Amino acid sequence: QVQLVESGGGLAQPGGSLRLSCAASGMIFGINAMAWYRQAPGKQRELVAIIGRGGSTNYADSVKGRFTISRDNAENTVYLQMNSLKPEDTAVYYCKVTRSFRDYWGQGTQVTVSS
């Protein structure tokens, strides 16, 4: 089993920044992809950004140029730096890691962008 603990959510003003963290523990050997998803009220959960073990990344079009995903393999932690935040970024953000073809999810952290 892999346990994930997210932190860093909260309230930000439009144009502001937040940094999310997700630390993995437990059976962490062999973790492959790490990703961030989000789910806004009344909408389906969507992929925000994903990073492979070697550092390759992919982003949703809506966040390209504003969000940056990174990972620290030694600390088994994935980060999401969110800049130039917009009200439409408001959602619960979930971290997901894949290990041995199985997905593990964090509990989610609320991000609210509002003036």
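The values are calculated or read from the model by the stated rules, or taken from the named source; none is laboratory data. Note that the coordinates shown come from a computational prediction; the quantities given were computed from them, not determined experimentally. Cβ coordinates were reconstructed from backbone atoms using ideal geometry, including for glycine residues, and neighbour counts include every protein chain displayed. Accessible surface is based on the protein model in full, side chains and every heavy atom, while ligands, DNA and RNA are left aside. Shrake-Rupley method; radii C 1.70, N 1.55, O 1.52, S 1.80 Å.
Checking the a/c ratio against 1.5 first, then a/b against b/c, what shape does the Cα gyration tensor give for the chain? Prolate, since a/c reaches 1.5 and a/b exceeds b/c.
A Cα-only calculation for the range 29-82 places Rg and Dmax at 11.8, 37 Å. A simple count of charges around Val97, restricted to other residues whose Cβ falls under 12 Å of its Cβ and scoring Lys, Arg +1 and Asp, Glu -1, yields +3.
Residue separation times 0.36 nm, minus the C-alpha to C-alpha distance between Ile28 and Ser84: what's the value?
Net length gain for the segment: 16.9 nm.
Computed with a 1.4 Å probe over protein heavy atoms only, the accessible surface of the chain comes to 53 Å² per residue. Residues of the range 79-113 with the amide nitrogen closer than 20 Å to a label point 7 Å from the Cα of Ser56, along Cα-to-Cβ, please. Hits in the range 79-113 for Ser56 at 20 Å: 79, 96-103. With all protein chains in place and a 1.4 Å probe, the accessible surface of the chain carries 49 percent carbon and sulfur.
Is the C-alpha gyration tensor of the range 1-46 telling us rounded, prolate or oblate? Criteria: a/c under 1.5 is rounded; beyond that, a/b larger than b/c is prolate, otherwise oblate. Verdict is prolate for the range 1-46.
How big is the antiparallel share of DSSP beta bridges in the chain, given as a percent to the nearest 5?
For the chain, the DSSP antiparallel bridge percentage is about 95.
Net charge of the neighbourhood of Gly30, taken over other residues with C-beta under 10 Å away and scored Lys/Arg +1, Asp/Glu -1, is +2.
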